[in-house]
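The values are calculated or read from the model by the stated rules, or taken from the named source; none is laboratory data. Keep in mind it's a predicted model, so treat the numbers as computed, not measured. No Cβ is skipped: glycine too gets one built from the backbone with ideal geometry, and neighbour counts run over all protein chains shown. Side chains included, ligands, DNA and RNA excluded: accessible areas come from the protein's heavy atoms. Shrake-Rupley method; radii C 1.70, N 1.55, O 1.52, S 1.80 Å.
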Amino acid sequence: MLWRRWRLWRQLAIGAVSLASILSAWSLAGCHASSPEPDTLFQSIYANYLHGNLEVAHTRAEQARKEFSAAGSGSPPVWGLKFRLLEAEILLRQSQPRDVIALLTADGVPIPPQGDLAIKRNVLCGMAHWRLAQSEESNRELREARRLAETAHSALIADVLRAEGLVARGSGHLDEATDKFRSSLAAIREDGDLLLKAANLVDIGYDSLLSRHFDQTLASSQQAAEFARSIQAGRQLQLALGNIGWAYQNLGDFDRALANFQEAERQAQEIGLLSYRVLWLQDAGLAQYRLGNPEEARKYDEEALRSALTLPAENEIDQIANIETNLALLLYGQGQYDDARHYSDEAVRVAQNSKDSNVIAYARLTQGLLASRQAGDKDAERILMSARQLVTDPDIRTDIENAIANLYAGRHQPMQANLWYLRSIQTFEEKRSSVKDEALRLSTFAYGDAIYRDYAEFLISTDKPIDALRLLDRSRARTLEEGLGFAGEQSRAQDKNVSDLQAVARKLDASILFYSLGPEQSHLWAVTAHDTRLFTLPKEKEIQSWVEKHQADIQQAGDPLGTASPAAISLYETLIKPAAAMLPPDSRVFVIPDGVLHALNFETLLVPTADGHKYWIEDVTVTTASSIRILSGLKAVTASAATRDLLLIGDPVPARADFAALPAAATEIQRVQQHFPPENQLVLTQARAIPAAYATSGPDQFRYIHFAAHGTASRLSPLDSAVVLSPPQKGAEDFKLYARDIVQHALNARLVTISGCYGSGARTYAGEGLVGLAWVFLRAGSHNVIAALWQVADVSSPLLMDRLYDELQAGKAPDAALRSAKLSLIHSSGAYRRPLFWGAYQLYAGS
């Protein structure tokens, strides 16, 4: 069950009365300050307000208003009005609309009939009436504000437009609201209201979030955060950071979501915005949960609940209900049903007073799940169906539909279960299809992964293991497929190909091992030319512990073969031995990994022999693949697709001290280039090996592309992974060839080789696998990519690559050539026989 919280967004108040607009109003009113004292005081209070210190700002504004409104203050009377308006603005920010109206309509308040002070008073009263649901009074005040602003050609038309935008959004007219905010932004003069500008930027991003255009949210909110930080507008900054975090959360990028929520929470705490701090605490808890840290998640939510209970209850109904539901779901997932029921009952009780149907539906979802644990589950069905009728949020709807499917599956009602699993998947896919940005689509499957797995488990339980495999295969490498043009008729053709799994294996003259890891049990499907079999494996955490131990052994230059490594032996016994009888000696095997298995080189596992062990690579030729659908599209490169042999880039000029020169890179370059005629290769080294040279070289014309340079892998932003090259003469920091730029240039290459560290990537996406340099070269069209899972040994790489190209020029396919190169090191007598020196490199198959 996915644990999440329907987002309660607080309506933002009208943009601040900035110092610029107040001073402008002073000038337009025809007043000239005889003393700098009120002006200096006003600037000081405004600074408190700008930085989000609302309590301090309100106390000081109230004192100043009383002082400068009193007879005999020695300052022009208009200063009393200016401080009154500032106090009203702060009160509106503090959600005190009745106090705003009382302050601005009190007897004896000298409001001029026209001018900027009159406009500001109308705007503030209009927004206060709107917050009190007094629409007639609100519309009257805002109409008058617009009339005065247009008549006087006042800069405060920006304030009026923003107020109209907030009203439009509150009425559900998001497009109109966004247009108003943009118009307000455009109306702000160059030296105008900085806080109003920040608020408009925040709300443009927020409207995109409400419209579920998460890629647009990121672009707008990052701009808002940057600007708010530049003017030290703390309130707007924490809002922008929270919007960014929630966009990443919806896109399944939980690492970056957590980082932004944590920063937003720190900012809110620093300036005393306790209600927003509660918001960011529970969002950080959600991100921690999705990252597999339930104890950390619970800490965040318990702190959020403690803080929320100190705030006025009538303002925190939705917050408290959501936090209680989060804690109930968290405990439910850990099997602590009695404690979960306590929180769930409280959530349902509090949610009854909510006006947000999604808050109510979310609480009922948990209530229904707990009811399904009891002997009689009629209540569970009723509760879940009522939740589905209420919900509008697609993520919660997906969860509810999946819960209903699981309920029917537990009752052994397969037709009903199948129907609801399909509905759940359809709801998820509709949301995913709305994300247009390719980089953002990479992470969206994190929300669909559990849905597909639940359905697959149901199909397996009803004796349909082949249908389960096809279902899971359709969930893999979706973004890569879409980038390669698997859509429409071609997508349907791929589905037809995969319908005959053995035919794909026959076409490839290979076996396929397809893995699916789960929290309770995992699965392996072995597909050969004549058979498809399903094997049950241990749960993911057990497999993960062995993978991590095996990887640590290799990274420490261990000798798994010499020490008969328990991890290497256990992984073979677990992952390969069940299907070993189906894999002929010296055959080709395509491995389609899942989860932590993406970080494992299967070739390094130990096979028992009569006199000890051997590496699995001794028995088979292994290639890593993304999906059977993509494998079904494999075909040979046509003779005309690539007209030149080799693009060779490397041995760059060191750009910084942390990217030191690679001593063996020049040797590797020399050894690789000698395998091809000079007239059919382009070699770029030293000062010529700059990032821009890759695009200008025409990479689509080469059969082989080879990099001998440092590589970097970004976990937070995989498309920021890069090949580290030479800095250009102009732009000393522009020395990285980024993954996001590589993907822009189509390729026809038979093979791209990244002879550098971490070319495979550092982050595994659910359904997509490792995303980094290898992924983007496949996405660009390369048929095969060789890349490294970990840091590569500079000293052994020239030997490995020399042998690789020897074998390629002798006519071997890339998989067989790489295997031969690795075996040459394994069979050597020195240190290079250890996996540290050959096991990093893996071959990835494209289409």
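General remarks:
- Net charge of Cβ neighbours under 14 Å - reference residue 58; Lys, Arg +1; Asp, Glu -1: +1
- Positive-pole candidate from 91, 813, 513, dipole of the chain, charges at beta carbon: 813
- Taking the helices alone, the chain has a mean residue ellipticity at 222 nm of -17500 deg cm²/dmol, built from -39,500 (n - 2.57) per DSSP H run of at least 4 residues and averaged over all its residues.
- Charge dipole magnitude, Cβ of K and R +1, D and E -1 - region 215-343, Cα centre, debye nearest 20: 240
- Percent of beta bridges antiparallel (DSSP, the chain, rounded to nearest 5): 50
- Residue 422 accessible area, 1.4 Å probe, all protein chains in place, Å² to nearest 10: 90
- Computed from the C-beta positions of residue 520 and residue 70 and an R0 of 51 Å, the FRET efficiency is 0.10 to the nearest 0.05.
- C-alpha long axis of helix 488-498 to longest principal axis of the chain, angle in °: 40
- Taking amide H as placed 1.01 Å from N in the peptide plane, residue 753 has its amide H under 5 Å from the amide H of 705, 706, 707, 786, each at least 5 places away in sequence or on another chain.
- C-alpha center-to-center spacing [region 388-416, region 669-708] in angstrom: 55
- On the beta carbon distance between residue 700 and residue 437, with R0 = 25 Å, the FRET formula returns roughly 0.55.
- Correct option for Rg/Rh (Cα atoms, Kirkwood Rh) [calculated from the coordinates] among (i) 1.05; (ii) 1.10; (iii) 1.00: (i)
- Ligands, DNA and RNA are left out, and with a 1.4 angstrom probe the accessible area of region 621-693 is 44 Å² per residue.
- Sparse packing (at most 15 other Cβ atoms within 10 Å of the Cβ) combined with a DSSP loop state is found for the following trypsin sites (Lys or Arg not before Pro) in region 717-790: 730.
- Fully extended contour minus Cα-Cα distance, from residue 132 to residue 106, at 0.36 nm per residue: 7.6 nm
- Split the chain at each of the GluC sites (Glu not before Pro) in a DSSP loop with at most 10 other beta carbon atoms within 10 Å, and the longest piece is 191-519.
- Taking θ as phi - 60° and the Karplus parameters 6.51, -1.76 and 1.60, the scalar couplings of region 203-218 work out to 6, 5, x, 5, 4, 4, 5, 5, 7, 6, 9, 6, 5, 5, 4, 4 Hz in sequence order, x denoting glycine and proline.
- Solvent-accessible area of residue 107 with every protein chain in place, 1.4 Å probe, in Å² to the nearest 10: 150
- Check: region 60-131 dipole with +1 on Lys, Arg Cβ and -1 on Asp, Glu Cβ, in debye: 140
- Net length gained if the chain between residue 426 and residue 549 were fully extended (0.36 nm per residue, minus Cα distance): 40.4 nm
- With a simple spin-label model that places each label point 7 Å from the Cα along the Cα-to-Cβ direction, the separation between residue 55 and residue 618 comes to 7.2 nm.
- Under 5 Å from the amide H of residue 213 lies no amide H of any residue 5 or more positions distant or on a separate chain, with H modelled from the backbone and absent for Pro and chain starts.
- Listed by chain and number, the aspartates and glutamates whose alpha-carbon sits under 16 Å from that of residue 736, ignoring those within fewer than 8 places in the same chain, are 651, 658, 720.
- Between residue 143 and residue 114, the contour length at 0.36 nm per residue exceeds the Cα-Cα span by 9.1 nm.
- Of 299/539; 197/355; 614/822; 378/539; 436/507, pairs whose Cα-Cα distance is over 23 Å: 299/539; 197/355; 378/539; 436/507
- With a cut-off of 10 Å between beta carbons, the residues surrounding residue 247 carry a summed charge of 0, where Lys and Arg count +1 and Asp and Glu -1.
- Proximal charge balance of residue 806 [Cβ under 10 Å; K/R count +1, D/E count -1]: +1
- Since only 595, 677, 562 are under comparison, the one whose Cα sits farthest along the positive direction of the charge dipole of the chain, derived from C-beta charges on Lys, Arg, Asp and Glu, is 677.
- Accessible surface of region 250-325 [probe 1.4 Å, protein heavy atoms]: carbon and sulfur percent: 47
- Accessible surface, region 212-293, averaged per residue in Å² (probe 1.4 Å): 30
- Carbon + sulfur, % of accessible area of region 526-685 - ligands and nucleic acids excluded, 1.4 Å: 54
- 317, 742, ranked by accessible area, largest first (probe 1.4 Å): 317, 742
- Rounded to the nearest 20 debye, the dipole size of the chain about its Cα centre is 860 debye, using +1 on the Cβ of Lys and Arg and -1 on the Cβ of Asp and Glu.
- Farthest positive-ward along the chain dipole, Cα basis, beta-carbon charges - from 325, 704, 279: 704
- Surface exposure of region 84-162, expressed per residue as accessible area with a 1.4 Å probe, stands at 42 Å².
- Share, in percent, of DSSP beta bridges within region 667-811 that are antiparallel, nearest 5: 55
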